[in-house]
Amino acid sequence: MPIGKRLLVFATEDSHTNTMVAATADWGCIVTTCVSSDEFRARIEGGGFDLVLVKGSPALKAVSPARDLEGDLLTTPLAEIEKRHILRILASTSGNKTRAARVLGIDTKTLYNKLKSYGPSAAAFRRPPKPATASLSTSEQNLKPTSEA
């Protein structure tokens with residue numbers, strides 16, 4: 001196997017993941033592991049891997065597009081499906097909004113606006129608020145020169 005291939009490894013139990021990573025150590029791949037089925041789904045949708053190694057069919061069934069864990073897709077509003085897709089792509093890019101916008105085919109500003117509209121559910125992907133500038137204390141205000149005419 002050529003060196004430098006990107007390998008994604010996922011198993012439902014950590015012990016299986018560690019075993020699979022050890023078994024593929026001599027392949028010369030850049031190995032990435034997932035800790036949850038949501039992260040696994042997001043990384044697959046991001047499409048950044050040459051090979052995917054999964055332990056057990058239940059893990060594959062958990063991320064199968066035919067399975068809708070949160071309700072019937074036919075009754076889910078399009079805006080909700082778009083939101084889920086954007087959040088998955090963000091997870092697959094490790095929160096990198098520029099790369100996520102490129103994958104989604106939208107402008108970075110559009111992505112920021114969508115995240116802002118999603119409210120608390122997308123808080124992990126938003127920039128932290130800038131710290132407020134400290135106001136001058138009373139003693140510092142007294143030291144400030146005043147203009148007297």
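Just a few scattered comments:
- Checked against the criteria, Ile44 counts as part of a helix (DSSP H, G or I), within 29 Å of Thr98 (Cβ to Cβ) and at pLDDT below 75.
- The number of residues in region 48-85 being at pLDDT 65 or above, surrounded by 13 or more Cβ atoms within 10 Å (Cβ to Cβ) and assigned by TED's automatic domain parsing to the domain that holds His16 comes to 10.
- Those residues of region 87-99 which are touching a Phe, Trp or Tyr at 6+ places or on another chain (Cβ under 9 Å) and modelled with pLDDT of 90 or more, in sequence order: Lys97
- Qualifying positions in region 84-123 - part of a loop (DSSP other than H, G, I, E, B) and either under 11 Å from the mean Cα position of the chain (by Cα) or aromatic (Phe, Trp, Tyr) (or both): Thr93, Ser94, Gly95, Asn96
- Residue pairs whose Cβ atoms lie under 8 Å apart, separated by 6 or more positions or on different chains, with the first residue in region 1-25 and over 22 Å from Ala42 (Cα atoms) and the second surrounded by fewer than 16 Cβ atoms within 10 Å (Cβ to Cβ) and at pLDDT 75 or above, are Met1/Trp27; Met1/Gly28; Pro2/Gly28; Ile3/Gly28.
The values are calculated or read from the model by the stated rules, or taken from the named source; none is laboratory data. Because the structure is a prediction, the values reported are computed rather than measured. Heads up, the Cβs are rebuilt from the backbone with ideal geometry, glycines too, and the neighbour counts pull from every protein chain shown.
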